[in-house]
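The values are calculated or read from the model by the stated rules, or taken from the named source; none is laboratory data. A quick note: this is a predicted structure, and the numbers were derived from the prediction, not measured. As a convention, Cβ positions derive from the backbone with ideal geometry for all residues, glycine included, and neighbour counts pool all protein chains shown. These area figures cover heavy atoms from the full protein model, side chains too; ligands, DNA and RNA do not enter into them. Shrake-Rupley method; radii C 1.70, N 1.55, O 1.52, S 1.80 Å.
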Amino acid sequence: MKQPIWLKIFIILIVYAGQLVYSTGLAAHRARCPYTNVHIYAEKQSDITVVGEVLTEAISFMVEAGLDIQDTFDIHLIERLEGFPQQNLYLGVYKQQINEIHILSYESCKRRCLNDCCCGIELTRKLHTSLIVHEIAHALTVNLLENKTGCIAAAEYIAYTTQFSLMPADLRQRILADITNEGFVNDVEITSLFNDLSPSVFAVKAYKHFIRPENGKMFYKKLTSEQYILDRED
């Protein structure tokens, strides 16, 4: 029996709608950050606005630091992280293979951290926003580090120092007051193993190392140099 034309059109529309919902991760809102190729997906329009603002701040910070960033990726605020090992241990992740950031919404992060804390303090909206900055830093700089040997420590150093530099001063001081370790003294201390064992301490030591006058954006340049290898395994 031949299908009427209206039924064919209806079926096409249903299939297209299903593909659209899947591609946006079931997000109700989508927007492109102005002057970039970054698309943001979230259930709430207010989250779109917040992510857009911190993305702009992160881009400005890194450009000022002299980094040649890449700004083509997607950011998804979602309710569940799926598709990678030990997903229950994470609040967010940059998936380099598909060039997407997946990070739990504030409400989902609160539920995940109900009996725990982040960076030694209770999760707040300010802290959640800084976690978004961390993943954005990974996405912005992946092109600078992806061909380097042992680049995990360098990537985390840049992500944490960007996160701490852009977080509100009161939040930063609260974390620094709780985690009192001194900054890294020399480069050999900055390892991926250290980050794996104690990410909060790594973050604080990286930031205190970064703000020394002899480091800062000059150390960023050193980290992204083709000749320089951090966390050497030999």
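What percentage of the solvent-accessible surface of region 149-221, computed with a 1.4 Å probe over protein heavy atoms, is contributed by carbon and sulfur atoms? Can you show the working numbers first?
On the way: 1980 of 3420 Å².
Carbon and sulfur: 58 percent of the exposed surface of region 149-221.
May I ask you to compute the full-extension gain from ILE121 to VAL63, defined as 0.36 nm times their residue separation minus their alpha-carbon distance, rounded to one decimal in nm?
Contour length minus the Cα-Cα distance gives 17.8 nm.
How big is the dipole moment of region 125-234 about its Cα centre under a simple scheme where the beta carbon of each Lys and Arg is +1, that of each Asp and Glu is -1, and everything else is neutral? Debye, nearest 20, please.
Details: 12 positive and 14 negative charges, 109 e Å.
Taking the Cα centre of region 125-234 as origin, the dipole is about 520 debye.
What is the set of long-range amide H partners of LYS95 at a cut-off below 5 Å, with H atoms built 1.01 Å from backbone N?
GLU100, ILE101, HIS102
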